[in-house]
Amino acid sequence: MIRPGTIAEAWHVLQAIPEFDQRRSLAQLQDRLPAGALVLIAEVDGQPVGCKLGYGAEDGTLYSWLGGVLPAHRKTGLAQQLLDSQEAWARAHGFTSITVKSMNRYPAMLRLLIRNGYQIRLVEQVGDPAKERIHFAKPLS
């Protein structure tokens with residue numbers, strides 16, 4: 001089940017995702033997310049196991065900032081459900097496009113984005129291909 005959630009719930013999920021090497025405090029998440037930001041929680045048996053955070057960017061797009069699914073619950077369709085819910089939320093709130101950044105070291109995320117019509121707009125070259133930041137955008141119709 002995908003539902004609106006709190007920043008604290010999302011923070012607990014993010015702390016348990018092993019790929020994230022930059023740990024943020026709850027206060028850092030709260031500082032970054034403006035009032036009215038998107039906070040989605042994927043829940044299984046009443047427990048949060050995934051999340052998606054986003055907010056309106058200066059250019060009027062929804063910036064899909066941070067999210068993930070706990071390893072034990074991957075390949076169950078939850079990431080797709082979070083993405084679908086994010087797009088529906090963005091449309092309902094008047095956004096005409098979604099932007100997101102990812103990296104080569106997250107191939108499952110790259111495949112999910114491309115499979116769902118997100119287009120590569122820019123690749124930030126940093127020397128290490130695994131750490132290159134790939135910028136995606138998807139217009140919402």
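Quick rundown of the values:
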item	result
Residue tally, condition assigned to a strand (DSSP E or B), surrounded by 14 or more Cβ atoms within 10 Å (Cβ to Cβ) and not aliphatic (A, V, I, L, M), over the stretch 12-49	2
Set A108, A90: member being of a type in the set (G, A, S), modelled with pLDDT under 95 and within 14 Å of the chain's Cα centre (by Cα)	A108
Tabulated pairs, the stretch 23-36, first farther than 10 Å from W11 by Cα, second surrounded by 10 or more Cβ atoms within 10 Å (Cβ to Cβ) and aromatic (F, W, Y), C-beta under 7 angstrom, 6+ apart or interchain	L33/Y55; P34/Y55
Residue that is in contact with a Phe, Trp or Tyr (Cβ under 6 Å, 6 or more places away or on another chain), at pLDDT 95 or above and part of a strand (DSSP E or B), where the choices are K101, K138, K52	K138
Pairs with Cβ under 8 Å, 6+ apart, first in the stretch 90-119 and under 21 Å from T76 (Cβ atoms), second among the charged types (D, E, K, R) and surrounded by fewer than 17 Cβ atoms within 10 Å (Cβ to Cβ)	S102/R133; Y106/E19; A108/R74
Residue count for the stretch 38-50, restricted to those that are more than 14 Å from A72 (Cα to Cα) and touching a helix residue (DSSP H, G or I) at 6+ places or on another chain (Cβ under 9 Å)	4
Candidate set: the stretch 1-11, residues that are part of a helix (DSSP H, G or I) and of a type outside the set (V, I, T); chosen: the one surrounded by the most Cβ atoms within 10 Å (Cβ to Cβ)	A10
Single condition A35 does not satisfy, out of (1) more than 16 Å from F136 (Cβ to Cβ); (2) touching a helix residue (DSSP H, G or I) at 6+ places or on another chain (Cβ under 9 Å); (3) hydrophobic (A, V, I, L, M, F, W, C)	(2)
Answer residue from the stretch 68-83, given it is in contact (Cβ under 8 Å) with a residue 24 or more places away in the chain and closer than 16 Å to N116 by Cα and is surrounded by the fewest Cβ atoms within 10 Å (Cβ to Cβ) among those	Q80
Test for I98: is it buried (at least 19 other Cβ atoms within 10 Å of the Cβ), among the β-branched types (V, I, T) and under 13 Å from the mean Cα position of the chain (by Cα)	yes
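Residue-by-condition table, conditions (1) out of contact with any Asp or Glu (no Cβ under 6 Å at 6 or more places or on another chain); (2) over 14 Å from L83 (Cα atoms); (3) modelled with pLDDT under 95:
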| site | (1), (2), (3) |
| --- | --- |
| L14 | yes, yes, no |
| L29 | yes, yes, yes |
| A35 | yes, yes, yes |
| I41 | no, no, no |
| Q47 | yes, yes, no |
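The values are calculated or read from the model by the stated rules, or taken from the named source; none is laboratory data. All of these numbers come straight from a predicted model, not from anything done at the bench. Note that each Cβ is placed from the backbone with ideal geometry, even for glycine, and that neighbours are counted across all protein chains shown.
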